[in-house]
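Below is one structure; the comments refer to it alone.
What follows is calculated from the coordinates using simple rules that are stated; it is not laboratory data. Small disclaimer: the values here were computed from a predicted structure and weren't measured. Every residue, glycine among them, receives a Cβ derived from its backbone with ideal geometry; neighbour counts consider all protein chains shown.
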Amino acid sequence: MDKNERILIDKMYRDMFKRLWIYAKRQLGDDGLAEEAVQETFRIACEKGRQVLSSENPKGWIMKALKYTILTIKRDRAQLHMLYIHFEVEDRETEMTEEHVDLMYSDLVSEQDFEMLKMIVLKNRSIKDTAQQFGMSVNACKKRLQRIKERLQYVLEERKENGGERCD
Amino acid sequence: MIKYSFDELDNMTTEELERIVDEDAQKSVKEQMDEDTLLYILGLIEIRGSYDETMPDVEDARIEFLKEYLEIDDEKQEKEPVHKKNWGVSILKTACIAVVTTVVLLAATVTAAAAGYDPYKEIVEWTEEVFSLPKGDRYVKVPASSAGEHVAPSLESVQKHLYTYGISGDVVPSYFPEGYSFRDYDGIMGWNMSCRITVSNGKHSIYLQYYLNTYGVDRTYAKDDREPEIYEAGGITHYILTYNGEYKVIWRNGQTECAIYGVDSYEELIKIINSIYE
């Protein structure tokens, strides 16, 4: 993004932030999540700066991008929720034997990771609030959640292949 | 698609404007109002100030955006002086931006890519993958009937743990498929309590999930591309979804948002739902 593009998107940020935040707040029901949606929308707009500014209606483009971002937030949280639901408390405490070495939970998802997941899924906290709670940047928190999701999906897939349930 | 003139919108109350925004968001993309009208409505809501107390400061948010999202640590970032919102000035500023944008475009040799990010297309696809309870269901409360009094002995532990979390028995099934019994529970206490109960037959688990005080918080649930089925029982509207070959049901009773996951038979799911109110 060149300097002119950056200046124009910066102006749109200042002009549109409040209106977009109100829309996101009404759809997501939470101040933190609303801010997350607007910030993520402008991150996308910065990535696609040239495309935004060359569109017929740049502000309309950003409004549509916000709608997409809100749905993405909802979908990602719903997926994390499903993973959390299927991951039982006892899985974190089970002593793994050599037979279960591929499913060694402690090597895949730590207690801290599970607490982070609960903050997002149960307490419905924003990425920013969660990042602050764990003393990391927003981007680091996003990457950590992505890794948690991938690891949990791996464990669940392994469990399915082993007959549906963890072995007792 | 209902169209509003700016004069009509100017004369509406804030509540009417908010309702228009919320109803529009529930429509399919093709039926939604154009973005300019939506932004105009949001601008009216903004200048009426009902969100001023909780809305983040724009300049603070901007600096955080540069630092956290773009990872630009520019020490020269300074807050612009905050000007009192003046819609007339804002329109003038918007017009100036439009002029500048046009000049930049005319001077540039950039052409739009034939393929690339299209938020419109993405919105249509994502809508099929998530479900949230309609806002209208929020305040329904069905008084406790005999539900809960006939809980099978093997499910008494379920009842006991839900009471611990402050949930009454009129949301608890009294039937589960043969061989299922209480396995474990997990959750958080507090004003935004949530609780998950697992029942299992040793090979497969069914999960009950309850959330309290969910007003204003739209929880979303993963689903496949099948339309949700509405099932009425006990005076409550239940929404049956499918995901990954399993059935789940979502409903709200008063302040409690409820979900049952992991049932692999439609007939068994109906029996489970009906048993809540029998």
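Quick notes on this structure:
- Listed peptides A:37-46, B:28-37, A:123-132, A:4-13 by packing density, highest first (mean Cβ within 10 Å): A:37-46, A:123-132, A:4-13, B:28-37
- Total formal charge among the other residues, if their Cβ is under 12 angstrom from that of A:L8, Lys/Arg +1 and Asp/Glu -1: +2
- Taking Lys and Arg as +1 and Asp and Glu as -1, the other residues whose beta-carbon sits under 12 Å from that of B:E268 total -3.
- Ranked list, fewest to most other Cβ atoms within 10 Å of each Cβ, for B:F131, B:F6, B:F176, A:F134: B:F6, A:F134, B:F131, B:F176
- With a 10 Å cut-off around each Cβ of B:50-57, the average count of Cβ atoms from other chains is 4.
- Average other protein chain Cβ within 10 Å of Cβ, residues A:7-16: 4
- For residues of B:257-270, the mean tally of beta carbons on other chains within 10 Å: 1
- Potential extension, B:Y266-B:H204 segment - 0.36 nm per residue separation minus Cα distance: 20.7 nm
- FRET efficiency, 1/(1 + (r/R0)^6) with R0 25 Å, evaluated for A:S110 and A:E157 via beta carbons: 0.80
- In order through the range A:141-151: 3J(HN,Hα) via Karplus (6.51 cos²θ - 1.76 cosθ + 1.60), integer Hz, x for Gly, Pro: 5, 4, 5, 5, 5, 4, 5, 4, 4, 5, 5
- In terms of packing, defined here as the mean over residues of other Cβ atoms within 10 angstrom, the peptides B:230-242, A:51-63, B:46-58 line up highest first as A:51-63, B:230-242, B:46-58.
- Taking a sphere under 12 Å around the Cβ of A:N57 and counting the other residues whose Cβ falls inside, with K and R at +1 and D and E at -1, yields a net charge of -2.
- Here the label points at B:T242 and A:K143, each 7 Å from Cα along the C-beta direction, are separated by 4.0 nm in the simple model.
- Once you reduce the range A:35-68 and the range B:221-268 to the center of their Cα atoms, the two points are 34 Å from each other.
- Amide hydrogen neighbours beyond the local backbone of B:Y247, cut-off 5 Å, H modeled: B:G262, B:V263, B:D264, B:S265
- Cβ crowding within 10 Å ranks A:K18, A:K3, A:K118 as A:K3, A:K118, A:K18, fewest other Cβ atoms first.
- Pairs over the 31 Å Cα-Cα cut-off, from the set A:K143/B:K3; A:K118/B:K160; A:K18/A:K123; A:K67/A:K143: A:K143/B:K3.
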